[in-house]
Structure formats: C-alpha cells, structure tokens
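To keep things clear, I will list the structure first and then write my remarks on it.
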Amino acid sequence: MAKKLWGGRFKQGLAESAIKLSYSLHIDKRLVSYDIAVNTAHAKALQKANIFTKEECQQVCTCLSELNDGFIKNEAELLGADEDIHSCIERLVTERLGDLGKRLHTGKSRNDQVITDTRLFIKDQSSFAMSQLTELNNVLCELADEHKDVIFPGFTHFQPALPVLFSHHILAYIEKFKRDISRFEHTFEMADVCALGSGAMAGNNYGLDRDFVAKELGFSGITQNSMDAVSDRDFILEYLFSASVVMTHLSRFCEEIVVWNSPIIGFVNLGDDFTTGSSIMPQKKNPDMAELIRGKSGRVLGNLVALQQTLKGLPLTYNRDLQEDKEMMFDTADTLSHCLDCFTEMMQGLTLNKEAIHAALSKGYLLATDFADYLVKQGVPFRDSHEITGKAVLYAMEQNKQLEELSLEEFKSFSGKVESSVYDALTLEAAVNAKDLVGGTAKQQVHAQITKCKAEFN
Ligand code: ARG
C-alpha cells in the first residue's frame, strides 16, 4: 500500500471496501501528462516565489519530465497502489528526490490541481472534436459535390413532401455540424481558464504568480474566485452537452442511413467494410455501424444527465462527489471520437442507387405544392389553389396517374386558370429550381453553398 497523502490524523487505515469505492487511479491515470505539466508549472511558480531555488526547480522539472517519458514507455512500472494520479506523481517525485519532492505540494491542493488537469483535458478534447467535425464536413462536401444535381425526395413526417437535391439534404447536416464546431469553440473558451492557485478552496498563502502559471500551461486567463474554481464543473457539462448534440446529429443521420440502406427503400449502399452479415440469414447486409452510432448517442446524453444530476445537490466547495466527473467525461470523449471516425469513413464509401431514388420520386405527389404555386402565379389565391390541388391529387390518385400526366382538359376541370404552361412547371427540375433563394434547394443556390463549404472545410 502506498503511503497516503493525509495519514497524520488517523489511527486506522481505510477499509478495503472504502478503498475500492474511492480510489480513482485506474481512471484518472489518463490525466497523467496534464498532471505532470501542472506540477511542472507549479514548481516554476515556487521558484518565482523563492520557495524553490533555481537548482531545486530544475531538479524537480527534470524528474517530472523523466516521469512523463516513463509513463509513455511503461506506465505499469510507475503506477502503484496510490489513491489517485496526483498522489501517484507526488509519491514518484518524493521517491526520487526525497524532501524536495515533499516540498512540491507547497501552496497547492489536489482540489485546484485536479480541475486544472481537467481543464487542459477538455481543451484538448474540444480541439480534437473540432478537427474531427471539420474532416467530417469535408467528406460531406465531397459527397454533396459528387451528387450535386441528383434529385431526391424530401420528407416531412416521413411522407414524401417536395423534391430537393440530394446535395441539399447533405448540406443540411453540414450546417448542423458547423454549429457543433461553434459549440466546441465555446466549450474550449469556458475551459481555458487556469484554476491553480485556488488551493483547497480559499487560495494559498504563498502569493504564487497565477498569471505566470496560466501562461506556462497555455491558458488564456485565470479563475477569479477560489471557491468557484474548485467547485466548478460547468465546462465539463458544456463539453458533455456539445458532445451529446453531435451525437444527436449523428444519430439522426444514422437513422436516415439505416432507412435508406434497407432493400425496401434502397436509396444508398453502404460499403462491405461498414456492414455486417447475419449468422443465420445469408442474404443480410446489416448497417450495424450506423445502428451503433445511433445507439451510443444514448450513453453520451446519459453522461451529461448523470453529471448534472451529481452536481445539483452539492454545496460549495469541493466534495468528493466531484470525482465522478471523470468517468463520464472519458467515456464521452472516447465514444464521440470513435463515432466521428467511423461515421466519417463510412460516409466516404457511401454510394447512391440512382434508380431507386428516381423511382421514389414518382411516389407521393411531390409536385403537388408546385401545382398550387403554379395556380398562384396564374392569379388564384393560395388557399384556393391549395384546395384545388388537393382535389386534383385525389382525382389523379383515382386515375392512377401522376399529376403531370393529367390532360389539359382534366386540369381545366379543376381550374380554368390552368394553361399548357402547367407542364413546364410540373417537372422535378422546375420544382427544385423554383426554390431560388438563399437556403432554398435550387441548383444555383446549392452549388453556391457547396463552393462556400469547400472553401471552409477543404
Ligand atoms: N481524486 C480527486 C478527484 O478526482 C481529487 C482529489 C481531491 N480529493 C480530496 N479528498 N480533496 O476529484
């Protein structure tokens, strides 16, 4: 058993069950490089405050840097039966430097240390998520560009609604992922404040130069209240929220891909490398990766809810409950990065089945609204044109015809305002290109959006 950091006032050691419940090294060892960076910056601050001599600071920094290399090479050699990663690093430095190691903890607490480590972790994860989302948008831009003029059924209520460009559909997700990138930018900013110097909860007695420490660690600023600093986990909540919104977007997209990939609909084919077979039904090619990403969105949202639930009953300042933040944060970071990786690669291999898409365009009277709009252009008030169109659709259904297959006489029986120009309006191309305003699905609008996105994400 490693010597504890706080044994002095105790007659008895911790019960085995209490150790099992509370020791977190197996989880927070993941923060080791951050913890070493924080210790290094603190050692330099101790030198600035004349608590360490230059040589002592040098010795500690060299030792920490060697430990960092050691952890990269073989962490198992260095990990002991320590309570957490902070205790572990302190033990290792003390084993190597004796009293000098013991003096390293002057003016800091694990409370300000753990949250500073965590802030560094969240900053890195936010940057990483932004780079993965940028890569995903890059791949989606390519997909949109490759199929930029393919007309696709647009749905509301999963009922055929209006024809759109397939690329417009893909660009819709690009917009969502663009907002996700902004959310992570904000998350990064929230995390980008150094808490070291807050001590256990009230500050420290050594007048350590907090701005210097922040700069050493690459933070843009410092926290302004020690009690808030050691109790604040808002930036983790924000990270978990940002991640859960990405997962929600991925999940919705995956739901569409699962549906599109079903042989019943057959709009897309997923690569063999992102689908699986059945152990009993030889014909199957299942979209398991899309399903798993959809499924994993649940646990990422769960992590957000779990941490917020943990936080809501806590008085100021540090409470051990806060240690629970890490499992949720690590699980979300891993799940998010695996899902983004896999989804991005899966989308690179997605192919379209243009015949199936084309066949679907003749189902569900996608041109009905454009007939109503045609009547409006012919001078019929929209409410009336809506009513007339509804009747015409019902009639066409009974005749087993598309709307554009009705004869001029048939059209005229619904409204005298219909002329032969109706046939120019009632094509898929005309319907798409009529939506010619920013945000609309007309070819030239969508092409312009693709060009903009390519400039942004390539
Ligand atoms: N391992 C703790 C955590 O992750 C940090 C240590 C603070 N512990 C304490 N008893 N004050 O939150």
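The values are calculated or read from the model by the stated rules, or taken from the named source; none is laboratory data. This one's a predicted model, so the numbers in the text were calculated from it and none came from an experiment. Here Cβ is always computed from backbone atoms with ideal geometry, including for glycine, and neighbour counts include all displayed protein chains. Note: areas computed on protein heavy atoms with side chains; ligands, DNA, RNA excluded. Shrake-Rupley method; radii C 1.70, N 1.55, O 1.52, S 1.80 Å.
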Scanning region 300-334 residue by residue, those more than 16 Å from the ligand (Cβ to nearest atom) and farther than 23 Å from K123 by Cβ turn out to be G302, V305, Q309, K312, G313
Any pair with Cβ under 8 angstrom, 6 or more apart, that starts in region 154-177 at a residue that is over 22 Å from V139 (Cβ atoms) and ends at one that is in a helix (DSSP H, G or I) and open to solvent by less than 10 Å² (accessible area, probe 1.4 Å): L162/A431; P163/A431; P163/V432
The condition from (1) away from the ligand (no atom under 16 Å from the Cβ); (2) basic (K, R); (3) within 21 Å of E327 (Cβ to Cβ) that K73 misses is numbered (3)
How about region 49-60: which of its residues are over 14 Å from K108 (Cβ atoms) and open to solvent by 20 Å² or more (accessible area, probe 1.4 Å)? N50, T53, K54, E55, E56, Q58, Q59
Qualifying position, being under 30 Å from T344 (Cβ atoms) and open to solvent by less than 50 Å² (accessible area, probe 1.4 Å), among V422, V446, V393: V446
Of all the helices (runs of 4 or more DSSP H) wholly in region 370-458, which have at least 2 residues that are over 21 Å from L165 (Cβ atoms)? 382-399, 408-412, 422-425
Count - residues of region 1-40 that are of a type in the set (D, E) and farther than 25 Å from Q125 by Cβ: 1
Among the residues of region 293-310, what is the count of those that are over 15 Å from the mean Cα position of the chain (by Cα) and open to solvent by 90 Å² or more (accessible area, probe 1.4 Å)? 2
Number of positions in region 365-381 that are under 42 Å from the mean Cα position of the chain (by Cα) and not aliphatic (A, V, I, L, M): 5
Number of the condition not met by E404 [criteria: (1) in contact (Cβ under 8 Å) with a residue 12 or more places away in the chain; (2) over 30 Å from V150 (Cβ atoms); (3) among the acidic types (D, E)]: (2)
Scan (1) open to solvent by less than 40 Å² (accessible area, probe 1.4 Å); (2) out of contact with any Ser or Thr (no Cβ under 9 Å at 6 or more places or on another chain); (3) in contact (Cβ under 8 Å) with a residue 24 or more places away in the chain for the single condition A41 breaks and write down its number. (2)
Are any residues in region 382-425 polar (S, T, N, Q) and under 45 Å from the mean Cα position of the chain (by Cα), and if so, which ones? S385, T389, Q402
Tell me which residues, restricted to region 353-369, are part of a helix (DSSP H, G or I) and open to solvent by 70 Å² or more (accessible area, probe 1.4 Å). K354, E355, H358
Can you work out which of the residues in region 90-115 that are of a type in the set (D, E) and over 25 Å from T223 (Cα atoms) is nearest to the ligand (Cβ to nearest atom)? E95
Region 20-37, residues that are open to solvent by less than 10 Å² (accessible area, probe 1.4 Å) and near the ligand (Cβ under 10 Å from one of its atoms): S24, D28, L31
Exception for L46 within (1) in contact (Cβ under 8 Å) with a residue 60 or more places away in the chain; (2) out of contact with any Lys or Arg (no Cβ under 9 Å at 6 or more places or on another chain); (3) away from the ligand (no atom under 16 Å from the Cβ) falls at (2)
Starting from region 97-116, take each residue that is free of Cβ contacts under 8 Å to residues at least 60 places away in the same chain and open to solvent by less than 10 Å² (accessible area, probe 1.4 Å) and list its partners that are within 16 Å of the ligand (Cβ to nearest atom) and acidic (D, E), counting only C-beta distances under 9 angstrom and pairs at least six apart or across chains. G101/E90
